[in-house]
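Below is one structure, written out as C-alpha cells, with a few remarks after it.
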C-alpha cells in the first residue's frame, strides 16, 4: 500500500529475513508492490527473480524505471492466470486489507506460490482500540491515515481474525510474527490464548508466512 | 536538428515470403543516428507505424516537418542518440526508398503495382534482420515501436528472441481485430474506387488516386483520435465562417481538419503502398502464425518486455496490451506493463506523453545496466 508511511515498514525486514531462508534463487511475486522498494531490495540483496503487480501508474513507472518487471493492474481483476506453484513465494505486503475478496485471493495465492507472505496492519493494536473506545470514532493513525469513507483499507482485521481466516481457508501457518511499535518482531505464540491476546494488543503489524494445506 | 545518416541496404539474398512467393532482390532505406559502440551493444531499432518512415528524428525530406518521434529520439532525449545507435528502417512494402509496389520489378522492368507480392509483418522483420546482420550487430539492445511498429516488435521477439535484449511494444496487439480490419477495408476500397487507380497501374497513366487515398487517410485519422480529443479540439466549431452555408463545404473545423490531413498525406504516400501495408497489418496474428498460444510463443524467452498502452486508445485498446502482458507474465518472462492515462487516442504514442518518455528511458537504462 503506497499510503503506508515508509519509515514504518519494518515488515520489510521480516519479509527479507523470511526469504533469506530460501536456499535457491527464489522466484517471487510482490502483489501491490508500490514503487518496487521491497522488490528492488530483494532483487539486489537476495538476487531473487522478482515480479510485481501494482495498480497505481506513477508507482509502476518508478518501478519499471528501476528495471523491475512490474505489471500495472488491479489484484481484484487483473491477476494473471498463473500455473500452480510457479512462484516460490508470493508477497502481499500491506495489501490484503485493501482487496475486495481477501479469502478468495488467499486461497488463489497459496496455489500459485509455494509460500505466501502476508503482512497487514493489526486492527487489534491497543492504540486503535483505545481510540475507538475513548473517542467513539473510527481510528485514524499514521499507518491508517484515512477517514472511514475514503479509506482503501476496506478489510481490516486483527491478528486473531487472521488466524481464524487461515483456519477457514486451506492454509497452513508456517510462521507468524508480531511487529511492535519499536519495529521489533516477535514470534506469535498461538498455543496460549492469554499470550496471543497480549501479543495482539501490542502488535502494530503482523507478518504471516503461509502455505497450502496438503 | 542533429546528425543522421541515410543509407540504402541492398540485399544479396532473396527473401522467401510468408505467402510462399519470393523476392529475388530488395532494398531497404534506413536512417541511423548516433554511433555504434565497439562492442556493438548499444543499437536500438525503431519500427515505424503504418504511415511513418525512416525519418524518425530528422526533418522529413518531402514534408519538411520534424521527424515523427523527435520528442523521444535525439541528443539528451529519452532515447539518447549520444548514448545509443538508433536505426530506423523504412519497412518492406513502404514507399520512402525501400522495395515496395512503387519499385521497379527487375523481372519486367516495369513498376510492380499489384504484381508486388503480399508482404506480412513477419516478412518485414525477416528483411530487417538481414540488415541488422549486415551491420554486424549480434544483439540489439532494444526493439521499440508503436502500432504497426509494435507488431514488428512482437514479431522480432517471437522470431528472433536471441537477437534482442529488450522489446517495447506500444499501443499494439498480437493480432489485428475485426474492427481494425474493417476500417482498413474502408480505406482500401476508397483507393480502389478512385478512377485514377487504374487497377494499381496509375503511374503508367501519370496520375494517382489522390482522392481515394485522401478519403482513406481521413477515415484512418478519425480512428487515431479519441472522442474527447475531437470534442475538445474542434467541438462543433465552424471553420472561418459565422454561420452554416447550407451546402457541403467544410463548414465545421473537424471537416476542414480532416480534409487537410487527407490532402497533405497523398503528397508523401504511395496509394498501393497503403493497400499493401494495411493488408500486412490485417494479416498479423501471432497465434495463428506460430500455431500455438501466446504463452507458448514466448515461453522461456530471455527478452525483457515493457508493454505500453493508453487508456484513451480505442483502436488498439489497452485490453489487448494487457492480454499480451499477462501471457508473458504467465510464461515467466520478465515483463512490465504500463497503461498510461491519456485521452488522446491511438495517436498518443506519437505525442508529448512525459510518462511514456520516462518509462522508456528508465526501462532501457535498466536493461543496459543489468546486461553490462
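What follows draws every value from the coordinates through simple rules; no lab data is involved. Every value quoted in this text rests on a predicted model; they were computed, and no experiment measured them. Cβ placement follows ideal geometry from the backbone for every residue including glycine, while neighbour counts extend to all protein chains displayed.
Within 10 Å of the Cβ of each residue in B:359-367, the mean number of Cβ atoms contributed by other protein chains is 4. Using the alpha carbons alone, the radius of gyration of region B:175-230 stands to its Kirkwood radius in an Rg to Rh ratio of 1.10. Here region B:219-267 was treated as a single set of alpha-carbon atoms; its pair distances binned every 5 Å from 0 give 5, 20, 27, 24, 16, 8, 1 percent. State log₁₀ I(q)/I(0) for chain A at q = 0.11, 0.19 Å⁻¹ as given by the Debye formula over alpha-carbon point scatterers of equal weight, solvent excluded. Cα-only, vacuum Debye calculation for chain A: -0.49, -1.55. Among A:145-155, A:174-184, sorting by the average number of other beta carbon atoms lying within 10 angstrom of each residue, highest first, gives A:174-184, A:145-155.
Could you sort the peptides A:40-50, A:112-122, B:135-145 by per-residue average Cβ neighbour count (10 Å cutoff), highest mean leading? Numbers along the way, then the final one.
Values: A:40-50: 17.5, A:112-122: 24.5, B:135-145: 21.7.
Packing proxy ranking, top to bottom: A:112-122, B:135-145, A:40-50.
Report the Rg/Rh value for the protein assembly as shown, based on alpha-carbon coordinates and the Kirkwood definition of Rh. Answer for the protein assembly as shown: 1.06.
The stretch between residue B:38 and residue B:228, if pulled fully straight at 0.36 nm per residue, gains 63.6 nm over its current Cα-Cα span.
Measuring r between the beta carbons of residue A:46 and residue B:293 and using R0 = 30 Å, the FRET efficiency lands at 0.40.
Computed over chain B with a Gaussian network model linking Cα atoms closer than 10 Å, the most mobile of B:95, B:292, B:129 is B:292.
Can you tell me, using C-alpha contacts under 8 Å and at least 6 residues apart, the relative contact order of chain A as a whole percent?
Details: 398 pairs, mean separation 43.9, N = 214.
After rounding, I find 21 percent.
Other chains near A:58-66: what is the mean number of their Cβ atoms within 10 Å of each residue's Cβ?
Details: counts 3, 0, 7, 10, 3, 4, 11, 10, 4.
Partner Cβ neighbours, averaged per residue: 6.
Taking the DSSP bridge list for the protein assembly as shown and keeping only pairs wholly inside it, about 40 percent are antiparallel.
Shielding value for B:312-325 is 1, the average number of Cβ atoms from other chains within 10 Å of each residue's Cβ.
For a test of the definition: using alpha carbon positions, the gyration tensor, and the 1.5 limit on a/c, classify region A:87-166 as rounded, prolate or oblate. It comes out prolate by the Cα gyration axes.
Just the number, please: Stokes-Einstein D of region B:3-120 in µm²/s, Kirkwood Rh from C-alpha pairs, 25 °C, 0.890 mPa s. Don't skip to the answer; put the middle values down first.
Details: Rh = 15.4 Å.
D, rounded to a whole number, is 160 µm²/s.
Ordering B:222-233, B:16-27 by mean Cβ neighbour count within 10 Å, with the highest value first, yields B:222-233, B:16-27. With both labels modelled 7 Å from their Cα along Cα-to-Cβ, the residue B:341 to residue B:19 distance reads 4.6 nm. When the Kirkwood radius is taken over all Cα pairs of region B:257-372, what Stokes-Einstein diffusion coefficient follows at 25 °C and 0.890 mPa s, in µm²/s? Estimated diffusion coefficient is 147 µm²/s. Ellipsoid semi-axes for chain B, based on the Cα gyration tensor and the rule √(5λ), read 32, 26, 20 Å when sorted largest first.
Over all orientations, region A:134-174 has a Cα convex hull whose mean projected area works out to 4.4 square nanometres.
What does the C-alpha gyration tensor say about the overall shape of region A:1-108? Classify as rounded when a/c is under 1.5, otherwise prolate if a/b is larger than b/c, or oblate.
Rounded, since a/c falls under 1.5.
A simple spin-label model places the labels of residue A:161 and residue A:191 2.8 nm from each other, with each point 7 Å out along Cα-to-Cβ. Using the empirical formula 2.2 N^0.38 Å as the baseline, the Cα radius of gyration of region A:113-214 reaches a ratio of 1.11.
Past the 20 angstrom mark, what percentage of all C-alpha to C-alpha distances in region B:207-326 do you count? Write out the running numbers ahead of the final one.
Details: 4427 of 7140 pairs.
When all Cα pairs of region B:207-326 are counted, 62 percent exceed 20 Å.
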